[in-house]
Amino acid sequence: MASSVGIGLGGDGCANAHEVAPFTERPTRCPPDQGIRSLNFPLERARAGAVRTVHPLAQVKEVRIISDLHLLGPADPKGGLPTAAKTEVDRPQEATAASKVSPARPDEAVAVVPTTTEETIRGALGRISGSDLRTRPSMGRKLLALLAIMGPGLIVMVGDNDAGGITTYAQAGQAYGVSLLWLFLLLLVVLYVAQEMVARLGSVTGVGHGRLIRERFGRFWAAFSVFDLFLLNFLTLLTEFIGVDLALSYLGVSPFISVPLAAVAMVLMVVSGELYRWERFMYVLIIVSLLVIPLMLLTPVHWGQVVHGTLLPTVKGGLTSTAMIFIIGIVGTTIAPWQLFFQQGNVIDKHIGTRWTNYERADTLIGSVVTNVAGGAVMIAAAFAFAHTALSGKSSNALAIARGFGHYIGPAAGVIFAIILLEAALIGAATVTVSTSYALGDLFGLSNSLNTKVRDAKGFYASYMALVVIAAGVVLIPSLPLGLINLGVQVLAGILLPSALGFLVLLCNDRELLGPWVNSPWVNTLASLIVALLLQLSLVLTVATVYPSVNVTILTLATGIIVLGSTATVALVQRARAGRWTANPADLERRKDWLTPRDVLMTKPAMSKGRRFVLSVLRVYLVIAMVLTAVSFARLAGH
């Protein structure tokens, strides 16, 4: 609905209002005394599309923004907004003590409050306004809306097929043929379920993933999660620059030229201060990533073996600790903790509110299919390219794999793989680094938006540039164990994933936070199964590391029975509590007007014994799993 906006002057209130002409893109108001929250919101992001004024404001410092005008009370008798609804802008000379609204906490992270009213979203492929879908929209308008919304889901998924991922898929095909293809069917479901939950968190709360962990679990767990993410992302960024080095080395370019040029390109992608421009760079890379299909078709594929490997879970040579490292590596490169922080932050950055949740779900599903098909194509290409050759059964680095394609399939195949590797490295580096900057902004309360100019978000862009420069410098150090670093990053991601998903499931069941948008019983059951399977993989790897002679197949079957039993228990409990598998119809109706109450983000909930126990178990698990994984990799490096 269209509305006018009151501009009030005063750092802690909404007094001395001045009217601004009506607009229909995004209604804005000051926070009321109760009910709905607000967050500090830089004016530059307002100019980027979240809020628009029609007259200059000379000494503007910040704008407070909030949604759902009708929830703020009756309209002012003199006309205009309800008396509780005004937008404040700092202007010290006109400040007043009449304000009744407390200022936001100094450490609050920047976020856009989701809205169920009219808004305009601009993406790389177009723009869409809520008014465009007010009546029964045609299929054409729905498609245009999807194209405008698309971005966070598709980019995070393709970004997940980074240089390390492409290399890991090729190594798995080289070592195990197509016997691990069945993993992609499972990972398609895992990927969609996890990323749909995080996209829903972003659209409903308007708050980044790191800040939600901080507010709901405390600063320790927030710092723990962000530090783990920072370490993993830095190591991942190393693999991206390793990918740039190896890809362009195949084409005859020195790493002392290729790596610095890639670092400069990554910085130039983000400095425009416009999210939709950054998205366009990502879409160019996504188009290039489709070269995996011609690469696969150039190899002599036996489609019967492909179908068998996809539908029947087997492992060539049987389950061993080395095979488990590859399986966890594939899981870790297909879904990683950084994706949770990236997509939630990107959904907020793009102003995707609850009105657009179903479109963002479609975006996420499309991305899930694209990334798993691409990963499977690389594994298939490597499996048949190197079958019955000197490279079969080995685990080579990306440069050796590119040379193998060039030698056994033809020069064109080698060049195509090198181009795919370069594209994967660039899109992986861009998304991983942005996710780190989002997470650091959440933890330290910094402005963290790609819609903000560099001068207005110095911390956000400084962290991005520092990561890029340091990682690029480290990669140029001679004699780095490139292949081991790559596989280690993927396995570390797989080990950290259960804890990341554990926090995600707890947040998505927080009714104070999400209200009617909490997980339905069937989603909780599926999420519990996913977390249990990931814990099982880590447990099997841990036991196989400590006791190398153990029968990994029997151990996997035994722990699998425990996984199925625990999942069945969760399912029965969820069904008994809710009385149904799907969301409550009353909740579906309430979703149209729901916004996260402000008080929820200002107070930490009481820690129950059950939640404290789960968090303690996660802490012990992470320490033991990472130590034993380090031992396993030390043995692997010695061979």
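The values are calculated or read from the model by the stated rules, or taken from the named source; none is laboratory data. None of the values given here were measured: they were computed from a predicted structure. All Cβ positions, even for glycine, are placed from backbone atoms using ideal geometry, and neighbour counts span all protein chains on display. Keep in mind that these areas ignore ligands, DNA and RNA; they rest on the heavy atoms of the full protein, side chains included. Shrake-Rupley method; radii C 1.70, N 1.55, O 1.52, S 1.80 Å.
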Only helices (runs of 4 or more DSSP H) wholly contained in region 156-219 count here; list those with 3 or more residues that are farther than 30 Å from residue 512 by Cα. 163-176, 182-205
Filtering region 589-606 for residues that are surrounded by 12 or more Cβ atoms within 10 Å (Cβ to Cβ) and either of a type in the set (A, V, I, L, M) or without any contact (Cβ under 8 Å) to a residue 12 or more places away in the chain (or both) leaves a count of 4
Pick out the one residue from 557, 564, 534 that is in contact with a Leu (Cβ under 9 Å, 6 or more places away or on another chain), within 22 Å of residue 314 (Cβ to Cβ) and open to solvent by 40 Å² or more (accessible area, probe 1.4 Å). 564
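Checking the structure you have, find out if any residue of region 232-251 is in a helix (DSSP H, G or I), among the aromatic types (Phe, Trp, Tyr), closer than 19 Å to residue 496 by Cα and under 23 Å from the mean Cα position of the chain (by Cα).
As a first pass, look at region 232-251 and keep what is in a helix (DSSP H, G or I): 232-250.
Checking which are among the aromatic types (Phe, Trp, Tyr) leaves us with 234, 241, 250.
Filter once more, so that each one left must be closer than 19 Å to residue 496 by Cα: 234.
When the remaining residues are screened for being under 23 Å from the mean Cα position of the chain (by Cα), the result is 234.
Looking through region 232-251, at least one residue is in a helix (DSSP H, G or I), among the aromatic types (Phe, Trp, Tyr), closer than 19 Å to residue 496 by Cα and under 23 Å from the mean Cα position of the chain (by Cα).
Residues to consider are 331, 306, 347, 315; find the one that is outside any helix (DSSP H, G or I), open to solvent by less than 40 Å² (accessible area, probe 1.4 Å) and of a type outside the set (Gly, Ala, Ser).
On the way: 331 fails: outside any helix (DSSP H, G or I); 306 fails: outside any helix (DSSP H, G or I); 347 fails: outside any helix (DSSP H, G or I).
Among 331, 306, 347, 315, only 315 is outside any helix (DSSP H, G or I), open to solvent by less than 40 Å² (accessible area, probe 1.4 Å) and of a type outside the set (Gly, Ala, Ser).
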The conditions are (1) over 24 Å from the mean Cα position of the chain (by Cα); (2) within 30 Å of residue 128 (Cβ to Cβ), and residue 453 fails exactly one of them. Which is it? (1)
Does residue 315 satisfy the condition of being among the β-branched types (Val, Ile, Thr) and either without any contact (Cβ under 8 Å) to a residue 40 or more places away in the chain or in contact with a Ser or Thr (Cβ under 8 Å, 6 or more places away or on another chain) (or both)? yes
Restricting to region 437-473, name every residue that is crowded, with 19+ Cβ neighbours inside 10 Å, modelled with pLDDT of 90 or more and of a type in the set (Val, Ile, Thr). 468
Give region 242-286 a look and list any residue that's over 21 Å from residue 414 (Cβ atoms), of a type in the set (Phe, Trp, Tyr) and either in contact with a helix residue (DSSP H, G or I) (Cβ under 7 Å, 6 or more places away or on another chain) or surrounded by 16 or more Cβ atoms within 10 Å (Cβ to Cβ) (or both), or say none. 276, 278, 281, 283
Those residues of region 567-588 which are of a type in the set (Val, Ile, Thr) and either modelled with pLDDT under 85 or open to solvent by 50 Å² or more (accessible area, probe 1.4 Å) (or both), in sequence order: 569, 573, 582
From 390, 336, residue being free of Cβ contacts under 8 Å to residues at least 12 places away in the same chain and more than 14 Å from residue 180 (Cα to Cα): 390
Any residue at all in region 499-511 that is more than 30 Å from residue 592 (Cα to Cα) and either aromatic (Phe, Trp, Tyr) or in contact with a helix residue (DSSP H, G or I) (Cβ under 6 Å, 6 or more places away or on another chain) (or both)? yes
Condition check for residue 548: in a loop (DSSP other than H, G, I, E, B) and either open to solvent by less than 10 Å² (accessible area, probe 1.4 Å) or more than 28 Å from residue 356 (Cα to Cα) (or both): yes
For region 350-365: of the residues being in a helix (DSSP H, G or I) and among the hydrophobic types (A, V, I, L, M, F, W, C), which is nearest to residue 211 (Cα to Cα)? 356
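Please give the helices (runs of 4 or more DSSP H) falling wholly within region 422-514 in which 3 or more residues are of a type in the set (Val, Ile, Thr) and in contact (Cβ under 8 Å) with a residue 12 or more places away in the chain.
Numbers: elements: 458-475, 482-508, 511-514.
Output list reads 458-475, 482-508.
Filter region 137-153 down to the residues that are under 21 Å from the mean Cα position of the chain (by Cα) and open to solvent by less than 10 Å² (accessible area, probe 1.4 Å) and list them by number. Working first, answer last.
We begin by selecting, within region 137-153, every residue under 21 Å from the mean Cα position of the chain (by Cα); these are 146-153.
Hits for region 137-153 are 148, 149, 151, 152, 153.
Within region 357-368, how many residues are buried (at least 24 other Cβ atoms within 10 Å of the Cβ) and in contact with a Ser or Thr (Cβ under 7 Å, 6 or more places away or on another chain)? Lay out the reasoning, then the answer.
If we filter region 357-368 for residues that are buried (at least 24 other Cβ atoms within 10 Å of the Cβ), which is where we start, we get 360, 363-364, 367-368.
Restricting the remaining residues to those that are in contact with a Ser or Thr (Cβ under 7 Å, 6 or more places away or on another chain) gives 360.
Number of matching residues: 1.
Report yes if residue 228 is buried (at least 17 other Cβ atoms within 10 Å of the Cβ) and either farther than 26 Å from residue 458 by Cα or among the aliphatic types (A, V, I, L, M) (or both), otherwise no. Steps first, answer last, please.
Values: buried (at least 17 other Cβ atoms within 10 Å of the Cβ): yes; either farther than 26 Å from residue 458 by Cα or among the aliphatic types (A, V, I, L, M) (or both): no.
Judged against the criteria, residue 228 is not a match.
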Residue 405: crowded, with 24+ Cβ neighbours inside 10 Å and assigned to a helix (DSSP H, G or I), yes or no? yes
Within region 369-387, can one find any residue that is assigned to a helix (DSSP H, G or I), open to solvent by 30 Å² or more (accessible area, probe 1.4 Å), of a type outside the set (A, V, I, L, M, F, W, C) and touching an Asp or Glu at 6+ places or on another chain (Cβ under 7 Å)? no
